[in-house]
Amino acid sequence: MITHVCFDADDTLWEEGKFFIAAEFVLADVLAKYAPNEDIADILLGVERANVPTLGYGVKSYTLSLIEAALKISDYQISAEEIARVMDAGRAILRHPMEMPEGLVDVLTSLRKSYKLVVITKGDLVDQNHKLDRSNLREYFDEIHVVIEKDAPKYTEIFDGFDVAPEQCLMIGNSMKSDVVPAIDAGGWGVYLPHTVTWQLESADEPVDAPKYRRLKHISELPALLAELNKTPV
């Protein structure tokens, strides 16, 4: 029986990816005289991929990658004023409005009566905690984990901390790589909640043959799924 329901944060509990895309539009505008948009996007992705192992995830790491990409693409010809525009675009992500899926609060209110609710997210510790406070969602969760990486060993560590069997834990999120596949590999359930924006570095093959894999269209479907898995009334 599932007892612990774990949620990704960005683009699961609230909108996030579209604000990164807005910053990339600013970068493309600043660098338009140096390179075409598709080259800018490819170079930025390469810079991000190279920086993640040392800088981690989150807005601060991303902003440094924006600046590094701007310097590289412009061959260090970019002006201080243009660098400031790029930096401001990254900083703006920290102040974005909190937009949550329709019905999310109703889902959390219902589920917390029967389950332990947990947030498991990557990103900057300060920023993720600020978003939990700005969204007014913190009160719905029993535990919050902001981690360096979401892989099978980390899920095993977190599930063990619940003092329940891993099959009693379910993780839901928009990333196959970070939310679904490693949770299943750790012995739990992985529920994929697709989002219109998902970072390319978060892609992985869909584990369609895994017995503990499920896919939903909207967060509002989660209570019914849990009832089905636990064979209890909604």
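The values are calculated or read from the model by the stated rules, or taken from the named source; none is laboratory data. Please read all numbers here as calculations on a predicted model, not as lab measurements. Heads up, the Cβs are rebuilt from the backbone with ideal geometry, glycines too, and the neighbour counts pull from every protein chain shown.
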Which one of SER65, SER61 is under 20 Å from VAL146 (Cα atoms), crowded, with 16+ Cβ neighbours inside 10 Å and among the hydroxyl-bearing types (Ser, Thr, Tyr)? SER61
Output the residues belonging to region 1-27 that are surrounded by 16 or more Cβ atoms within 10 Å (Cβ to Cβ) and farther than 25 Å from SER135 by Cα. ILE2, VAL26, LEU27
Unique match (being under 25 Å from SER135 (Cβ atoms) and not in a helix (DSSP H, G or I)) among TYR34, TYR57: TYR57
Subset of region 162-188 (residues that are of a type in the set (Gly, Ala, Ser) and either without any contact (Cβ under 8 Å) to a residue 12 or more places away in the chain or assigned to a loop (DSSP other than H, G, I, E, B) (or both)): ALA165, SER175, ALA186, GLY187, GLY188
Tally up the residues in region 194-234 that are farther than 23 Å from GLY58 by Cβ and part of a loop (DSSP other than H, G, I, E, B), please. 15
Could you say which residue among TRP199, TRP189 is farther than 24 Å from LYS116 by Cα and either out of contact with any helix residue (DSSP H, G or I) (no Cβ under 6 Å at 6 or more places or on another chain) or modelled with pLDDT under 95 (or both)? TRP199
Check ILE83, ILE120, ILE158, ILE73 and return the single one that is buried (at least 18 other Cβ atoms within 10 Å of the Cβ), assigned by TED's automatic domain parsing to the domain that holds GLU24 and either of a type in the set (Asp, Glu) or at pLDDT 95 or above (or both). ILE73
Out of everything in region 123-153 that is among the charged types (D, E, K, R) and in a helix (DSSP H, G or I), what residue ends up being surrounded by the fewest Cβ atoms within 10 Å (Cβ to Cβ)? GLU139
So, VAL191, is that one in contact with an Asp or Glu (Cβ under 9 Å, 6 or more places away or on another chain), under 21 Å from MET100 (Cα atoms) and either assigned to a strand (DSSP E or B) or free of Cβ contacts under 8 Å to residues at least 12 places away in the same chain (or both) or not? yes
